[in-house]
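Chemist: Okay, here's the structure, questions in a sec.
The values are calculated or read from the model by the stated rules, or taken from the named source; none is laboratory data. Here the structure is a predicted model, which means the values were calculated and not measured. Quick reminder, even Gly has a Cβ in these numbers, built from the backbone with ideal geometry, and neighbours come from all protein chains shown. Remember, those area values only see protein heavy atoms, side chains included, never the ligands or the DNA or RNA. Shrake-Rupley method; radii C 1.70, N 1.55, O 1.52, S 1.80 Å.
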Amino acid sequence: MQTPLPDYLAHVIEACDIDNSGHLADYIPELANANPNRLALAMSTVDGEIYSVGDDDIEFTIQSMSKPFAYAYVLQQLGIETVLNKVGVEPSGEAFNEISLGNDRRPKNPMINSGAITTHSLIPIKDDLESAEILRQFMSALAGRELRFDDAVYESEVKTAYRNLSIGYMLRTVGILETDPVDIVNGYIRQCSILVTVKDLVRMGSVLANGGVDPKTGKRLLNRSVVRQVLSVMMSCGMYDAAGDWLSTVGIPAKSGVAGGILGVLPGQVSIAAFSPKLDEHGNSVRGIDILERLSRDMGLHLMEGTPSAQTIVQSHYRTGKDASLSVYVLRGVLKFTEAEMLLRILQAEPMDQSTIVIDLTQISIIHDVGKRMFLEGIDRLIDDGHTLLLVDPEQRLDHARTHKDRTLHVYQDIEDLIAQLKEAEK
C-alpha cells in the first residue's frame, strides 16, 4: 500500500493554485523576475519522513525565513538573557521593514528587520569567517546538505538596501549596534540570499518540531529552551502585522519570506513549507497562506486545539508471585505533568506494606523533566511506606537516577527476565 499523504498534498496545491492575486517583491529587482506560477509544498514528520509535491526541487532565497534560525543560533551561543538585552519579543503591529524601535530603544522582536539586523550583529565570529557564512554552515547542518548563496539576489538587494541601511544607522545611533552598520546590514542581506527548496525548509523545521534534535541523525543541534523561545516568537511575530489573523485562522508558529516561502512548525508533530512567489500587502505568500490554512483546517493542526492527554498512563496493572506480593505496573505513552499526576494518584492506592512494586517504562516514549521529578518524588514516598521499588527502563533514561533523598534506583532491561528472577528468589 502507498500512503495517501502525497495524493492529499497534491490535491491541496491544486485547489490553491487558482488564486492568482498578489504581486512579486518587485522592490528587489532580482525577485521581480521570479516565475509567478511556481508552487510547491512539503511536509516533514518528527521522525524525519519528508513528503513533497509541486516545484519541490526549485531553489529560492530564504529571505526572512532565515530570521528564526539566526535567532536560534545566537540564543544557543549567547544565552536567552544576553539576546533579550538587545532584542525584545513583543509583536510590533507594523510592517516588517518599519523604521522604528520600542520604548526601551530595543527592536521589538527578531522577526522584523530591525530585530533581525540586530540578531545578525550578535553572531560570534570564529575562525575569521564572515557572520553570514557562519549562518550558512549552521543552516546547512539543519538542512542535511550544503546550502549556497545566490550572489545575483544578494547584489540586487544590496544595491537597493536604502531602507535597511536606514534601520542600521538608527540602531547604531541608539547603541544597539556596536560596529559599522553597513557591514552588518550587508551581512544580514547575504544571510537572506541563502538558497533553499521546500524540502530543505521542512528538514530544517523538523529540528524545531523535534525539540532541537535532528530526527534523521538523532543529534541534538539546539537546546530545548532555545527551540521553545524561537517557536514562541514565531507564533506571535512571525507573520508581521498579520500575526493575529494568522494565529486565529492557522494557529501554527510560522515565518514567511518575500521570495514566496512560508515555513510552519507545529512542535511535536510536523513542519510544513509552502512556496509561491506572489505576496499580499503584508509581504506573505498569498497561495502559501491558502495552503497552510487548508492544512490546519483539514488536519486539525491548530495549536489551540491541542492534543488531549491520554486518559490513562497505566496500560496494565497486575499482581503476581507468591501471595501476589509483586505489584506490576506497565506504563504507556508520555510522562509529562498530567500523566505523572494521574500515575501518582493511582499509586497512592498501594497499601503500606513491604511488597515489591515493579514499574515498566519500556513503552514510555517521552519523559519530560517535570514528569521525571514527580515520578521520583512518588518513588520516594512509596519507599517510605515500606515498598521495594524496581524499574524497567531499557533505554536507561533513569539510569543512575537518584531520588531527592539520594536513593539509588535499581533499573532493569527486561520485565520478563526481572519477574522470572523475582519468582525464582521467592522459592
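Chemist: Residues that are in contact with a Ser or Thr (Cβ under 8 Å, 6 or more places away or on another chain), in the same structural domain as LEU418 (by the TED database) and crowded, with 20+ Cβ neighbours inside 10 Å: does the range 318-326 have at least one?
Modeler: yes
Chemist: LEU9 passes all but one of (1) open to solvent by less than 40 Å² (accessible area, probe 1.4 Å); (2) modelled with pLDDT under 95; (3) closer than 30 Å to ILE184 by Cα; which number fails?
Modeler: The one condition LEU9 does not meet is (3).
This table checks each residue for (1) crowded, with 21+ Cβ neighbours inside 10 Å; (2) at pLDDT 95 or above; (3) of a type in the set (Ser, Thr, Tyr).
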site: GLU30; (1), (2), (3): no, no, no
site: ALA42; (1), (2), (3): yes, yes, no
site: GLY48; (1), (2), (3): no, no, no
site: VAL53; (1), (2), (3): yes, yes, no
site: THR61; (1), (2), (3): yes, yes, yes
site: PRO68; (1), (2), (3): yes, yes, no
site: GLY79; (1), (2), (3): no, yes, no
site: THR82; (1), (2), (3): no, yes, yes
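Chemist: Also, quick follow-up: Of the residues that make up the range 368-378, is at least one part of a strand (DSSP E or B) and either modelled with pLDDT under 85 or within 28 Å of the chain's Cα centre (by Cα) (or both)? Spell out how you get there, then give the answer.
Modeler: The first filter runs over the range 368-378 and keeps only residues part of a strand (DSSP E or B), leaving none.
Looking through the range 368-378, none of the residues is part of a strand (DSSP E or B) and either modelled with pLDDT under 85 or within 28 Å of the chain's Cα centre (by Cα) (or both).
Chemist: Now a separate question. With the condition kept exactly as written, say whether any residue in the range 64-85 is among the hydrophobic types (A, V, I, L, M, F, W, C) and part of a loop (DSSP other than H, G, I, E, B). Steps first, answer last, please.
Modeler: Looking only at the range 64-85, we keep the residues that are among the hydrophobic types (A, V, I, L, M, F, W, C), and these are 65, 69-70, 72, 74-75, 78, 80, 83-84.
This time we only want the ones that are part of a loop (DSSP other than H, G, I, E, B), so: none.
Within the range 64-85, not a single residue is among the hydrophobic types (A, V, I, L, M, F, W, C) and part of a loop (DSSP other than H, G, I, E, B).
Chemist: Quick check on the range 289-300. Is at least one of its residues at negative phi, buried (at least 24 other Cβ atoms within 10 Å of the Cβ) and in contact with a Phe, Trp or Tyr (Cβ under 7 Å, 6 or more places away or on another chain)?
Modeler: no
Chemist: If you don't mind, there's one more thing I want to ask. Just to be sure before I move on: is ALA274 closer than 18 Å to LEU142 by Cβ, modelled with pLDDT of 95 or more, in contact with a helix residue (DSSP H, G or I) (Cβ under 7 Å, 6 or more places away or on another chain) and not acidic (Asp, Glu) in the structure I sent? Before you say what the answer is, go through the steps one by one.
Modeler: Values: closer than 18 Å to LEU142 by Cβ: no; modelled with pLDDT of 95 or more: yes; in contact with a helix residue (DSSP H, G or I) (Cβ under 7 Å, 6 or more places away or on another chain): yes; not acidic (Asp, Glu): yes.
No: the conditions fail for ALA274.
Chemist: Given GLY251, GLY283, GLY257, which one is buried (at least 16 other Cβ atoms within 10 Å of the Cβ), on the phi > 0 side of the Ramachandran plot and either of a type in the set (Phe, Trp, Tyr) or at pLDDT 90 or above (or both)? Lay out the reasoning, then the answer.
Modeler: Numbers: GLY283 fails: either of a type in the set (Phe, Trp, Tyr) or at pLDDT 90 or above (or both); GLY257 fails: on the phi > 0 side of the Ramachandran plot.
None of the others qualify; the one that does is GLY251.
Chemist: Take GLU305 and decide whether it is open to solvent by 60 Å² or more (accessible area, probe 1.4 Å) and within 20 Å of the chain's Cα centre (by Cα). It would help to see each step written out before you state the result.
Modeler: On the way: open to solvent by 60 Å² or more (accessible area, probe 1.4 Å): yes; within 20 Å of the chain's Cα centre (by Cα): yes.
Yes: the conditions hold for GLU305.
Chemist: I'd like the full set of residues that are of a type outside the set (A, V, I, L, M, F, W, C), over 17 Å from SER193 (Cα atoms) and open to solvent by 50 Å² or more (accessible area, probe 1.4 Å), limited to the range 121-143.
Modeler: Selection gives LYS126, ASP127, ASP128.
Chemist: Which members of the range 345-366 meet the condition of being without any contact (Cβ under 8 Å) to a residue 40 or more places away in the chain and farther than 16 Å from THR388 by Cα? Lay out the reasoning, then the answer.
Modeler: Taking the range 345-366 and keeping what is without any contact (Cβ under 8 Å) to a residue 40 or more places away in the chain, we get 345-355, 357, 359, 361, 364-366.
If the condition is that a residue be without any contact (Cβ under 8 Å) to a residue 40 or more places away in the chain and farther than 16 Å from THR388 by Cα, then ARG345, ILE346, LEU361, ILE364, SER365, ILE366 are the ones that fit.
Chemist: Shifting gears a bit: Kindly indicate which of GLY288, GLY264 is assigned to a helix (DSSP H, G or I) and modelled with pLDDT of 90 or more.
Modeler: Values: GLY264 fails: assigned to a helix (DSSP H, G or I).
The match here is GLY288.
Chemist: Do you know which residues across the range 385-421 are farther than 20 Å from GLN363 by Cβ and assigned to a loop (DSSP other than H, G, I, E, B)?
Modeler: Taking the range 385-421 as the starting set, the residues that turn out to be farther than 20 Å from GLN363 by Cβ are 385-388, 400, 402-408, 421.
Answer for the range 385-421, where residues must be farther than 20 Å from GLN363 by Cβ and assigned to a loop (DSSP other than H, G, I, E, B): ASP385, GLY386, HIS387, HIS400, THR403, HIS404, LYS405, ASP406, ARG407.
Chemist: When you look at THR356, is it surrounded by 12 or more Cβ atoms within 10 Å (Cβ to Cβ), modelled with pLDDT of 85 or more, over 35 Å from the mean Cα position of the chain (by Cα) and not assigned by the TED database to the domain that holds ASP47, yes or no?
Modeler: On the way: surrounded by 12 or more Cβ atoms within 10 Å (Cβ to Cβ): yes; modelled with pLDDT of 85 or more: yes; over 35 Å from the mean Cα position of the chain (by Cα): yes; not assigned by the TED database to the domain that holds ASP47: yes.
So THR356 passes the test.
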